[in-house]
Structures are given as C-alpha cells and as structure tokens.
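The values are calculated or read from the model by the stated rules, or taken from the named source; none is laboratory data. Quick caveat, the model's predicted, so the values are computed rather than measured. All Cβ positions, even for glycine, are placed from backbone atoms using ideal geometry, and neighbour counts span all protein chains on display.
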Amino acid sequence: MITKEDAMRAVSTLLNYIEGDNTREGLVDTPKRVVQSFDEIYSGYKMDASEVLSSTFNGEDYDGIVLLRDIEFHSTCEHHLQPFKGRAHVAYIPTERIVGLSKLARIVELHARRLQNQERITKGVADDLEEHLQPLGSAVIVEAAHGCMQCRGVKKQNAVMTTSAMRGVFFDKSEARSELMQLIQSPPL
C-alpha cells in the first residue's frame with residue numbers, strides 16, 4: 001500500500017523534474033500541500049452512491065420532472081491530469097420515492113472527485129439514479145471546459161464539451177426530453 005510519505009516523495013520527484021531544485025523556500029512544503037489537496041480533490045473514491053442516495057422520502061404521488069440544474073463541479077482529466085470544470089443538469093421522474101435535493105449535487109461530486117473523463121461522469125450519475133431510485137426516467141447533461149484543451153494541445157479557450165445520458169421516458173419519449181430541455185433553458189432566478 002502506498003503511504004502519504006510515498007506520495008509526498010513522488011511529488012518531490014516531479015518538482016525536481018519541473019524545476020530542478022525542490023529545496024527552495026516556496027517548494028519545501030509543496031509535497032505535503034499537494035497530497036493534502038489530493039485527499040480533497042479525489043475524495044470521490046471514498047464516497048459510495050448507495051449511501052448518497054439511500055435517504056429517500058415519500059414522493060406523495062408526484063409524477064413530474066425533478067431537475068437540479070447548474071450544479072457546478074471540478075474534476076481532473078485522467079489522460080493529462082489537467083483540471084476540467086463545468087456544470088451538470090440532473091433530472092429524474094420519481095415513481096414512489098424522491099431523494100433530498102442536496103443528494104443530486106452530491107452524486108455529481110462523487111463522480112467528479114475522481115480521475116475522470118466527462119463521458120464517465122455523465123453515465124455514472126445516470127446509472128446511479130437508475131439503480132438507487134428506479135425512476136420512470138433519468139437524464140444527465142454535463143457541460144465542461146477542459147484544461148487539456150485550453151493550456152496545451154490545440155489551446156482552444158472557449159470550447160465547451162456537452163455530454164448527455166437519457167434513460168427511461170427521457171430516452172423513449174421526445175415530449176419528456178423537450179420538456180426537460182425547456183426547463184434547463186429557462187432563465188436563472
């Protein structure tokens with residue numbers, strides 16, 4: 001098992017590679033700070049979807065769309081270890097049970113706080129909603145700007161990637177998809 005000390009030595013090696021001298025004042029404690037930040041940035045590995053979505057409530061026969069939109073998130077591209085950030089729109093149509101509002105944001109965080117690609121975040125959130133809520137349908141739309149596109153490679157500053165996962169009635173019924181898209185595009189409060 002790799003320890004925090006092992007991880008700090010690895011960061012120190014990277015600092016030596018980048019700068020050639022990891023002993024100057026500004027870098028002395030950087031390995032410790034980086035490893036501490038990793039504990040927070042990658043905390044999604046310590047989270048479990050069944051725990052996040054386990055607390056449900058009586059839906060009281062509500063059968064409309066439940067949508068939490070504009071959930072901001074930050075993640076890290078697994079290919080270049082560059083950050084990407086954006087917003088997610090998460091929706092479902094309940095059957096008997098509803099989930100607390102914050103749980104929809106937490107399930108996005110669970111997936112975003114891992115080494116990722118955007119497609120996996122989108123699919124993972126939709127899969128978790130399906131598995132744990134058994135809704136009539138679920139939909140996840142993620143929009144993000146990727147550091148690996150902005151600061152290296154093609155260097156496109158304004159490119160935004162959009163991914164979606166539509167399940168159940170959102171996949172089968174164009175009317176449900178249309179209503180969802182209208183709700184997402186409604187003006188902010």
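Observations
- Residue within the stretch 108-126 that is of a type in the set (Gly, Ala, Ser), in contact with a Pro (Cβ under 9 Å, 6 or more places away or on another chain) and either in the same structural domain as VAL154 (by TED's automatic domain parsing) or touching a residue at least 40 places away in the same chain (Cβ under 8 Å) (or both) present: no
- Assessment of the stretch 24-31 against the conditions (assigned by TED's automatic domain parsing to the domain that holds GLY168, basic (Lys, Arg) and not in a helix (DSSP H, G or I)) yields no matching residue.
- The stretch 25-52, subset exposed (fewer than 12 other Cβ atoms within 10 Å of the Cβ) and of a type in the set (Ser, Thr, Tyr), residue farthest from GLY124 (Cα to Cα): SER37
- Residues that are part of a loop (DSSP other than H, G, I, E, B), in contact (Cβ under 8 Å) with a residue 60 or more places away in the chain and over 19 Å from LEU136 (Cβ atoms), drawn from the stretch 49-102: SER54, HIS79, HIS80, GLN82
- Test for THR30: is it more than 13 Å from LEU129 (Cα to Cα) and free of Cβ contacts under 8 Å to residues at least 24 places away in the same chain: yes
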